1. Tell me, which residue of region 9-41 that is small (Gly, Ala, Ser) and within 14 Å of the chain's Cα centre (by Cα) is farthest from Thr84 (Cα to Cα)?
2. Consider Ala211 against the criteria (1) surrounded by 13 or more Cβ atoms within 10 Å (Cβ to Cβ); (2) small (Gly, Ala, Ser); (3) without any contact (Cβ under 8 Å) to a residue 24 or more places away in the chain: it satisfies all of them except one. Which criterion is unmet?
3. If you take the residues in region 1-13 that are in contact (Cβ under 8 Å) with a residue 60 or more places away in the chain and crowded, with 20+ Cβ neighbours inside 10 Å, which one is farthest from His204 (Cα to Cα)?
4. For region 17-76, give me each residue that is aliphatic (A, V, I, L, M) and open to solvent by 20 Å² or more (accessible area, probe 1.4 Å).
5. Please go through region 99-112 and give me each residue that is open to solvent by 20 Å² or more (accessible area, probe 1.4 Å) and in contact (Cβ under 8 Å) with a residue 24 or more places away in the chain, ordered by number.
6. May I ask you to list pairs of residues, at least six apart or on different chains, whose Cβ atoms are under 7 Å apart, with the first in region 15-44 being more than 28 Å from Ser63 (Cβ to Cβ) and the second being part of a loop (DSSP other than H, G, I, E, B)?
Amino acid sequence: MKAHLVAAGKFHDIDFARLELLKLLAEHPEIRTSVSSDYADTGSIMAADLLITYTCDLIPTPSQTDVLKSWLERGGRWLALHGTNAILRFADDGIVDTPEDAPEFTDLLGTRFAGHPPIAPYKVFVTRSDHEMTMGLRDFRVEDELYLTHRTADIDVLLHTSFTGRCDEFRESEWDVAEMPVLYERKVGKGGILYLTLGHCRGHYDLRPVADFWPHPQRCAWNYPIFYELLRRGIRWGATHRD
């Protein structure tokens, strides 16, 4: 089995996430993994059975998006994590915009990032208990970025949270939503996407050029065994749905 990992982007400890994901993939000796820092290696993507992405503000070109769609339609499995759907623009007034700059990409993913409140504990609910990703799991609490997203396509929500409040750093600041996806599946042709919004991490130097030094490294969901369980299940989901 072949896997391809895209780990790159802004404002996160990408090196930490890349290493942790590679260690999880290494638990499967039958998986051979290639790695890149963008979507340009379309040959490796097309050759892969499983694509894993841990990115932030890293957007494929339209032609690369076409490759991703074609690969999914023929049976590829994509485990998309955390900021994969995030597009960030810092406006002159200091507020973060999340524009619709790549609609083909976010339409393919099924959601578009719109903001998050300050990192704090929140509860995650099991929406569907009959899915292989959630079977046997119970509701849990986690401290992480609570991702607020807009749906751009039909998705099957497996885990969700709720949020009422403000996100003052972002243009869309006021929210009142009863079911915000935390984990969902989206079918695309013979393939599919599994999107898990958990997994923020940041080291001392990952906010450059916005800030030279971040005093408190953050690991968030990476501190919780349930997150690693979901990642392991996601890898198994990709490994067991091949043609």
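The values are calculated or read from the model by the stated rules, or taken from the named source; none is laboratory data. In this text the structure is predicted, and so the values were computed from the model without any measurement. Virtual Cβ from ideal backbone geometry, glycine too; neighbours counted across all protein chains shown. When the accessible area is computed, the model is the full protein with side chains, heavy atoms only, and any ligands, DNA or RNA have been set aside. Shrake-Rupley method; radii C 1.70, N 1.55, O 1.52, S 1.80 Å.
1. The first filter runs over region 9-41 and keeps only residues small (Gly, Ala, Ser), leaving 9, 17, 26, 34, 36-37, 40.
With within 14 Å of the chain's Cα centre (by Cα) added as a condition, the list becomes 9, 17.
Working: Gly9: 9, Ala17: 13 Å.
By that ranking, first place goes to Ala17.
2. Here Ala211 meets the rest and fails (1).
3. We begin by selecting, within region 1-13, every residue in contact (Cβ under 8 Å) with a residue 60 or more places away in the chain; these are 1, 3, 9-13.
Next, only the ones that are crowded, with 20+ Cβ neighbours inside 10 Å stay: 3, 9, 12-13.
Values: Ala3: 30, Gly9: 16, His12: 10, Asp13: 9 Å.
It comes out as Ala3.
4. Just the residues of region 17-76 that are aliphatic (A, V, I, L, M), to begin with: 17, 19, 21-22, 24-26, 31, 35, 40, 45-48, 50-52, 58-59, 67-68, 72.
Matches in region 17-76: Leu19, Leu22, Ala26, Val35, Ala40, Met46, Ala47, Leu58, Ile59, Val67.
5. Filtering region 99-112 down to residues open to solvent by 20 Å² or more (accessible area, probe 1.4 Å) leaves 99-101, 103-104, 107, 112.
Asp101, Pro103, Glu104, Asp107, Arg112, listed by residue number.
6. From residues that are more than 28 Å from Ser63 (Cβ to Cβ), the pairs are Phe16/Cys201; Phe16/Gly203; Glu30/Met1.
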